[in-house]
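Novice: First the structure, which I've put down as C-alpha cells, then a few questions once you've had a look.
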Amino acid sequence: MALLFCDAFWGTDFSDQSGYEAILQRLQDGRHMCKDVEELLKMRALAEEKYGRDLVAIARKAEGQTEIGTLKASFDKLKAEIEKTGNLHIQLSERIKEEVQKIEAFREHQREQRKKLEEIIEKLQKPKMLLHKKTMEVMSRARLCRQAANLAEKQYKWNVDQLEKMCQDWESTYRSACEVFQQQESERINILRCVLWEHCNLLSMQCVQDDDCCEEVRKILEQCDIITDNNCFIKMKKTACRPPALIEFRSYSDLNANGGVRRVETKRLSVMLPGMSFSAYPETGSNSAGSYTSAQQTGGGPEKYMVLYDFKAQEDDELSISKGQVVTITEKGEDGWWRAWRDGISGLVPKTYLTKISVQSQSTRLVAAHPDYNPIK
C-alpha cells in the first residue's frame with residue numbers, strides 16, 4: 001500500500017511545523033537533484049558536441065590524396081563515415097540539450113506551483129498561530145480570573161470554536177497541499193526516470209549507429225584488393241615493358257686474321273653520357289667479322305678527337321682519358337668502342353666521350369700544347 005504525505009507529516013502540537021518543513025526540504029532536495037541532472041546532461045551534451053566536431057575536423061583534415069584504386073575509395077569512405085559519425089554525435093548533443101530544456105521548464109513549473117501553495121499555507125499559518133496564542137492567553141486568564149469565569153469561558157469557547165474552524169480549514173488546505181506535493185514528487189521521480197531511460201536509449205541507439213558506420217567501412221574494406229590497386233598503379237605510371245638492350249663486349253686483344261674480333265663476353269654498357277638511356281646504343285645481336293674498322297680504311301689516315309668527359313679504364317684493354325685531351329683514333333668499332341692512341345699507349349674508349357676536331361683546330365691545339373708556344377708573340 002502506498003503511503004501518503006498527508007498521513008505522515010503532521011506536527012505534535014499547533015506550533016510544530018516539523019512535518020511541513022520536512023516536506024519543503026524534500027521538495028528543495030528534489031529541485032537540487034533536477035539541477036544536478038541538468039548539469040550532467042549539459043556536460044554530456046558539450047562532450048558529445050566537442051567529440052562530434054573533433055571527428056568532423058579529423059575527417060576533413062585527413063589527406064590521402066596520393067592513393068588510388070579501391071584503397072583510395074576505402075579511405076574516402078572511412079573519412080565520410082567518420083564525418084557522419086561526428087554529425088550524429090552533434091545531433092545527439094542537440095537532442096540532449098532539448099531534454100535539458102524540458103527538465104528546466106518542468107522544474108520552473110513545479111517551483112511556481114510550490115511557491116503558490118507555500119504562500120497560501122503561510123497565510124493560513126499566521127492566523128492559526130495568532131489564534132492559538134490568544135487561546136492560550138485566555139486559558140491562562142480563565143484560571144487566574146475566576147471572577148470573570150463566565151465571560152472568559154464564553155470568550156474561550158468562542159475562540160475554541162474559531163480555532164476549530166480555522167484548524168479544519170487549515171487541515172483541509174494542508175491535506176490538499178500534501179497531495180499536490182506528493183503528486184509533484186511522483187511526477188519528478190517519473191520524469192527523471194523517463195529522462196534517464198531515454199538518455200540510455202539514445203546512447204544505445206548511438207552505439208548501433210556507430211557500429212553501422214563501421215560496418216559500412218568494413219564493407220568497403222572487403223572490396224579492397226592489393227592486386228587491383230597494383231595493376232591500377234602499373235597502368236597509370238608504367239614506363240617500359242622490357243629492360244634496355246644488352247651491349248656486346250668484344251676483346252680487341254684477340255684479333256683474327258681477317259681484321260675482325262672474337263667476342264669474349266657480353267655485358268651491359270656501364271659508361272654513358274648523362275641523360276642518355278641504353279636505347280641510345282645499337283643492339284648487336286650477332287658477332288660478325290669486320291665490326292671494327294680502321295681509321296685508314298675510312299680514308300685520310302688516323303683522325304684526331306678531343307675528349308669531352310673523363311673516362312677511367314675498367315678493363316685491361318681500355319684506355320683512361322681526361323676531359324680536354326686529344327687522342328688519335330686508329331680503329332672504330334660498330335658497338336660504340338673505338339681504339340685510341342695517346343702518349344704511346346693504345347686502348348678502347350667510348351666514342352660518345354669524343355668529338356672530332358678539324359685539321360685547322362687540330363693544328364692550333366697541337367701548337368698550343370707545345371711547351372715553347374706563347375700566344376703573346
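The values are calculated or read from the model by the stated rules, or taken from the named source; none is laboratory data. Owing to the predicted nature of the structure, the values given are computational and were not obtained by experimental measurement. Heads up, the Cβs are rebuilt from the backbone with ideal geometry, glycines too, and the neighbour counts pull from every protein chain shown.
Novice: I want to confirm something. Restricting to the range 58-75 and keeping residues that are out of contact with any helix residue (DSSP H, G or I) (no Cβ under 7 Å at 6 or more places or on another chain) and buried (at least 16 other Cβ atoms within 10 Å of the Cβ), which single residue is nearest to residue 211 (Cα to Cα)?
Specialist: Per the stated criteria, the residue is 75.
Novice: Which one is farthest from residue 331 (Cα to Cα) among residues in the range 212-266 that are at pLDDT below 85 and among the acidic types (Asp, Glu)?
Specialist: Selected residue: 265.
Novice: Considering only the range 338-353, I want to know if a residue exists there that is part of a loop (DSSP other than H, G, I, E, B), touching a residue at least 12 places away in the same chain (Cβ under 8 Å) and in contact with a strand residue (DSSP E or B) (Cβ under 9 Å, 6 or more places away or on another chain).
Specialist: No, that holds for no residue.
Novice: Within the range 213-242, how many residues turn out to be out of contact with any helix residue (DSSP H, G or I) (no Cβ under 8 Å at 6 or more places or on another chain) and over 30 Å from residue 87 (Cα atoms)?
Specialist: Residues meeting the conditions: 13.
Novice: Out of the residues in the range 9-60 that are outside any loop (DSSP other than H, G, I, E, B) and among the polar types (S, T, N, Q), state the one that is nearest to the chain's Cα centre (by Cα).
Specialist: 28
Novice: Filter the range 161-189 for residues that are over 20 Å from residue 109 (Cα atoms) and among the polar types (S, T, N, Q) and give the result.
Specialist: 162, 168, 172, 173
Novice: Could you list all residues from the range 223-246 that are among the polar types (S, T, N, Q) and in a loop (DSSP other than H, G, I, E, B)?
Specialist: Correct list: 223, 239.
Novice: So, of the residues in the range 295-317 that are surrounded by 14 or more Cβ atoms within 10 Å (Cβ to Cβ) and within 14 Å of residue 332 (Cα to Cα), which turns out to be modelled with the highest pLDDT?
Specialist: Step by step, filter the range 295-317, then rank; the result is 305.
Novice: If we keep just the residues of the range 1-54 that are modelled with pLDDT of 80 or more and among the hydroxyl-bearing types (Ser, Thr, Tyr), which is nearest to residue 98 (Cα to Cα)?
Specialist: Per the criteria, the residue is 51.
Novice: From 96, 90, grab the single residue that is modelled with pLDDT of 90 or more, assigned to a helix (DSSP H, G or I) and either surrounded by fewer than 18 Cβ atoms within 10 Å (Cβ to Cβ) or within 19 Å of the chain's Cα centre (by Cα) (or both).
Specialist: Of 96, 90, the one residue that is modelled with pLDDT of 90 or more, assigned to a helix (DSSP H, G or I) and either surrounded by fewer than 18 Cβ atoms within 10 Å (Cβ to Cβ) or within 19 Å of the chain's Cα centre (by Cα) (or both) is 90.
Novice: Could you tell me whether the range 185-203 includes any residue that is free of Cβ contacts under 8 Å to residues at least 40 places away in the same chain and more than 26 Å from residue 36 (Cβ to Cβ)?
Specialist: No, the range 185-203 contains no residue that is free of Cβ contacts under 8 Å to residues at least 40 places away in the same chain and more than 26 Å from residue 36 (Cβ to Cβ).
Novice: Which of the residues that make up the range 152-201 are among the charged types (D, E, K, R) and within 47 Å of the chain's Cα centre (by Cα)?
Specialist: 185, 187, 188, 193, 198
Novice: Same structure, new question: In this structure, is residue 120 surrounded by 15 or more Cβ atoms within 10 Å (Cβ to Cβ) and out of contact with any Phe, Trp or Tyr (no Cβ under 7 Å at 6 or more places or on another chain)?
Specialist: Considered against the rule, which asks whether it is surrounded by 15 or more Cβ atoms within 10 Å (Cβ to Cβ) and out of contact with any Phe, Trp or Tyr (no Cβ under 7 Å at 6 or more places or on another chain), residue 120 comes out as no.
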